[in-house]
Amino acid sequence: MTAGLKHALAESGHHAEIVFFPFNFSSVDHIAQLMDYCSTQNFETVNGYLVDKLLVLQFPVYYVNHPDKTLWLMHQHRPAYDLYDPVCASKALAALRKKIVDQDTRELKNLPAVYTMCRNISHRLHRFNQIASRPLYHPPAHEDRFYCDAPYDVIFFPSRLETLKRQDLLVRAMAHTRSPVTAVIAGEGGGRQHLQALVRQLNLSRKVCLAGHITEEEKYTLYARSLGVFFGPRDEDYGYITLEAMLSSKPVITCTDSGGPLEFVKDGETGFVVEPDPERIAQKIDWLHANKNKAKEMGQAGRQAYQEKNINWNSVVDTLLHR
Amino acid sequence: MEQQTAPITAREILERVRQETERRKTAGIAPQSGAQSSGLAGISLRLPRRDQPGYGPENGRTLHINDLLQYHDREFVSAAYQFILQRYPDGAGSEHFLDRLRRGDLDRVEFIGRLRFSPEGRSRGVAVKGLLPRLMVVLPGKIPVLGYLVRWIIAWAKLPCLVRQMEQMETRAFLKEKALHRRMDQWAAQLETTAADTLSRQAFEPLWETLSGRVDQVTEMQQQTADELQQAGIGDMKRTLLDQQGRVARLLEQVRDRLPGPLSEKQVAAMAVEEDHLLDAVYAAFEDRFRGSREDIKDRQKIYLPYIEQAGAGTTTTPVLDLGCGRGEWLELLEETGKTAAGVDINHLFVTECRDRGLTVESRDLLAHLKDMAPDSMGAVSAFHLIEHLPLTTLVRMMDETMRVLKPGGIAIFETPNPENLIVGACSFYTDPTHKNPLPPDTAVYLMETRGFCDCEIIRLHPFENRPGDMVDTMPASLVHLLYGEQDYAVIGRKALV
């Protein structure tokens, strides 16, 4: 994403540099220190260069000072917001949470222009910090590589294997499908062992394949050859998978609580929005199998919808630079 | 389109996808923007290009004059410039040289020499091996008069060398050709694999699109057909069924009658008549299709109402009798205007339909019906598109019977297609296969008058509604009338008061 932005800036004739701060999630102290550090930084001149414009994307770098600062919010510190659990939180974390929310509200409120990656992030920013913002969509990397081909009986779900992405929903759904559809779940991550055990336990080793890491090329082919894509994470921010599926002209099955995908998937038109319930998901998978022509039309409608949204780097750059 | 005959496992699908990805990579097919809305993958095939400027010695070897001499004409000039001056040729200078080279008054070796030892060439200082010896040989030939001799001597001396060079060139040409063929074979193979891979998409995908499009069309057509059936066809079917039901019932009746004794003559006749009704359903459906909508016909028939009125017909004492009443549009129109009317038609289905509408209709042969009627009992007798179905003798009999049953002052109205219109006479008259002969208006009047009708008149009706405007504009009016004039007429006759 950041690289994409830098590339797009360069394409439009700007010189851009990316600045990262190493970030250690686990240490409350470290986070607090980094916040304070960023707040004291001024990027008006860097290495002798005069910086015309500062685009800030995430916590806590967005505290860095510059007279012409624009926020395009990718991440707040979600453990201090929607993922914060007051019951289990330590005292230190509770204190940190207060510090973050206060500082975010104070600092970001004063910015002349606030954009976010997507509506879901805008919602959160408004809910927790009462700051209005505008979602500004950007295309997934290599968007021109996605294509569509005749489908195999396979539902594709590429993503990191973690609890929030809810690969287990798809695995459980596959236990309820009646059609000969299979599922390929691609990606690595901490959830792998759990998913493997689940597949074994439900006796689904023929129907579900945990593909592990796949190459980019394989990803394009899998998208192109899939019957549909499942992407039902819990409260995802943006989620490239939705867009990649649409680019590949494939219908997307997502869930009512999936966040980002809901901004793109129209139930019954470009895919399905169902309760995060394996049986409901299975029904839709079987439907896709039974109505392949309709499924194809849905996919095409998805691609159409994507194109109509006019998601491209040029408009992102224009918006960010000329607010 | 790959068809999966048996359920395959997720792992197998992944494996297929991996192989496919590998194939795409080795075939040099880069999946490109799925810009087509069909989602069809774009294919890019990268073939080596031969005609690319790649002048000069390979692998950084020192430039040999032969490296340049292998080129000719513009390519040669360009190569020489690029190698010796290390720039592209400029317009004027290079064109001048090219011109002289083409005319033959500048030798290529000499050209290389000039380029190399020009101020610019000197400053580049590119070493061209073999240039000096060649120049030594060429330049003396440039000396006036003496040069001619020099060139001769050189040519003599060079002969054996030239022969050798020619042989070398031939060998090289052969090798080059070989290499070229090999290259082409490689491309052919590459193309074949690519083609095999793309065939499914490139060829079948559009086909598939078309097919699914067709399927959709068919589905739509089915829907339409169903709708239409709902509107019209079902009616036909219902009628056919009713007809058959009725006829079977009647036949059964006859059979039941027969059981105790032999078939009576009457029963045989009844069965024979049933036979005649075989086509009832067909004709009823035909009528629906070609005659026009009920409302249209009623609308058209309104023109006769004043005639009826004038003749004082349609009262209970002067009822109207409609022969061959068909679907009963005219009867209905009369009913609606408060007239008393009855119909007769031989087609059971029409009769049933009319009765369903509450009209008074008999199912009989019209002559038999007329014969059974009292003389001087009817205010009017009408027949729409009937007389053209009758053989002449039947027609004359019908006219006679009409004359008999009409009250004095009663009116007869017979509408029929108008053969004065050439299209009607030549074609549309025969649309109805049960039509016998077209009846020209004069003939109709003549017949009516000879059967005793007076005050006979013709009213011509229903000119073509959708004339092809552009054509009509360029045609003489008389011709227009012949083609697009009235398609029907009615002959109206009256029974004398005394």
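The values are calculated or read from the model by the stated rules, or taken from the named source; none is laboratory data. Everything quoted here is computed from the prediction, not taken from an experiment. Here the Cβ positions follow ideal geometry from the backbone for every residue, glycine too, while neighbour counts run over all protein chains shown.
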Residue under evaluation A:T215, criteria (1) surrounded by 24 or more Cβ atoms within 10 Å (Cβ to Cβ); (2) without any contact (Cβ under 8 Å) to a residue 24 or more places away in the chain; (3) facing chain B (nearest Cβ under 9 Å), criterion not met: (1)
Within the range B:466-494, count every residue that is of a type outside the set (K, R), under 31 Å from the mean Cα position of the chain (by Cα) and more than 21 Å from B:Y430 (Cβ to Cβ). 9
Just to be sure, is B:R74 under 30 Å from A:K296 (Cα atoms), within 57 Å of the chain's Cα centre (by Cα) and modelled with pLDDT of 60 or more? no
In the range A:139-166, residues that are in a loop (DSSP other than H, G, I, E, B), at the interface with chain B (Cβ under 9 Å from one of its Cβ atoms) and more than 22 Å from B:T9 (Cα to Cα) total 2
Taking B:I458, is it in contact with a Phe, Trp or Tyr (Cβ under 6 Å, 6 or more places away or on another chain) and either aromatic (F, W, Y) or closer than 14 Å to B:L323 by Cβ (or both)? no
Any idea which residue in the range B:280-311 is farthest from the chain's Cα centre (by Cα), counting only those that are farther than 20 Å from B:E332 by Cα and in contact (Cβ under 8 Å) with a residue 60 or more places away in the chain? B:D280
Neighbours by Cβ (under 6 Å, 6+ apart or cross-chain): first from the range B:344-363, on the phi < 0 side of the Ramachandran plot; second of a type in the set (S, T, N, Q): B:H348/B:S363; B:V351/B:S363
Filter the range A:1-22 for residues that are closer than 15 Å to A:F59 by Cα and in contact with a strand residue (DSSP E or B) (Cβ under 9 Å, 6 or more places away or on another chain); the one that is surrounded by the fewest Cβ atoms within 10 Å (Cβ to Cβ) is A:V19
Of the candidates A:P139, A:P158, A:P151, A:P135, the one satisfying the condition of being within 20 Å of A:Q283 (Cα to Cα) and in contact with a helix residue (DSSP H, G or I) (Cβ under 8 Å, 6 or more places away or on another chain) is A:P151
Yes or no: the range A:110-120 includes at least one residue that is loosely packed, with under 15 Cβ neighbours inside 10 Å and free of Cβ contacts under 8 Å to residues at least 40 places away in the same chain. yes
Looking at B:E275, B:E253, B:E287, which one is at pLDDT 70 or above, loosely packed, with under 13 Cβ neighbours inside 10 Å and either part of a helix (DSSP H, G or I) or of a type in the set (V, I, T) (or both)? B:E253
Could you run through the range A:96-109 and say how many residues are free of Cβ contacts under 8 Å to residues at least 24 places away in the same chain and surrounded by 12 or more Cβ atoms within 10 Å (Cβ to Cβ)? 2
Out of the residues in the range B:374-390 that are within 40 Å of the chain's Cα centre (by Cα) and not hydrophobic (A, V, I, L, M, F, W, C), state the one that is nearest to B:Q301 (Cα to Cα). B:H385
Conditions (1) among the β-branched types (V, I, T); (2) closer than 22 Å to B:H369 by Cα; (3) surrounded by fewer than 15 Cβ atoms within 10 Å (Cβ to Cβ): number failed by B:T443: (2)
Give me the pairs: first residue in the range A:1-29 and under 26 Å from A:V316 (Cα atoms) and assigned by TED's automatic domain parsing to the domain that holds A:P79, second residue small (G, A, S) and part of a helix (DSSP H, G or I), beta-carbon distance under 7 Å, and six or more apart or on different chains, which are they? A:A16/A:A10
Of the residues A:D286, A:D257, only one is in contact (Cβ under 8 Å) with a residue 12 or more places away in the chain, surrounded by fewer than 22 Cβ atoms within 10 Å (Cβ to Cβ), among the acidic types (D, E) and under 29 Å from B:T219 (Cα atoms); which? A:D286
Give me a count of the residues in the range A:286-310 that are within 14 Å of chain B (Cβ to nearest Cβ) and within 23 Å of the chain's Cα centre (by Cα). 11
Can you tell me how many residues in the range A:111-123 are assigned to a helix (DSSP H, G or I) and in contact with a helix residue (DSSP H, G or I) (Cβ under 8 Å, 6 or more places away or on another chain)? 2
Out of A:G228, A:G271, report the one residue that is away from chain B (no Cβ under 14 Å) and either of a type in the set (A, V, I, L, M) or touching a helix residue (DSSP H, G or I) at 6+ places or on another chain (Cβ under 8 Å) (or both). A:G271
Only one of these is within 27 Å of B:A285 (Cα to Cα) and of a type in the set (S, T, N, Q): B:T416, B:T450. Name it. B:T416
Kindly indicate which of A:V87, A:V56 is modelled with pLDDT of 90 or more, aliphatic (A, V, I, L, M) and either within 20 Å of A:A113 (Cβ to Cβ) or surrounded by fewer than 12 Cβ atoms within 10 Å (Cβ to Cβ) (or both). A:V56
Being surrounded by fewer than 20 Cβ atoms within 10 Å (Cβ to Cβ) and either within 26 Å of B:H462 (Cα to Cα) or of a type outside the set (S, T, N, Q) (or both) is true for just one of B:E309, B:E401, B:E353, B:E329. Which residue is that? B:E309
Looking at the range A:176-197, can you tell me whether even one residue there is of a type in the set (D, E) and either within 14 Å of chain B (Cβ to nearest Cβ) or in contact with a helix residue (DSSP H, G or I) (Cβ under 6 Å, 6 or more places away or on another chain) (or both)? no
Counted residues, the range A:219-254 - those being of a type in the set (S, T, Y) and either surrounded by fewer than 24 Cβ atoms within 10 Å (Cβ to Cβ) or in the same structural domain as A:Q58 (by TED's automatic domain parsing) (or both): 1
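Yes or no, residue by residue, for (1) part of a helix (DSSP H, G or I); (2) away from chain A (no Cβ under 14 Å); (3) modelled with pLDDT of 80 or more; (4) closer than 30 Å to A:G228 by Cβ:
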position: B:P7; (1), (2), (3), (4): no, no, no, yes
position: B:L14; (1), (2), (3), (4): yes, no, yes, yes
position: B:E20; (1), (2), (3), (4): yes, no, yes, yes
position: B:R23; (1), (2), (3), (4): yes, no, yes, yes
position: B:A30; (1), (2), (3), (4): no, no, no, yes
position: B:S38; (1), (2), (3), (4): no, no, no, yes
position: B:A80; (1), (2), (3), (4): yes, yes, yes, no
position: B:I84; (1), (2), (3), (4): yes, yes, yes, no
position: B:H96; (1), (2), (3), (4): yes, yes, yes, no
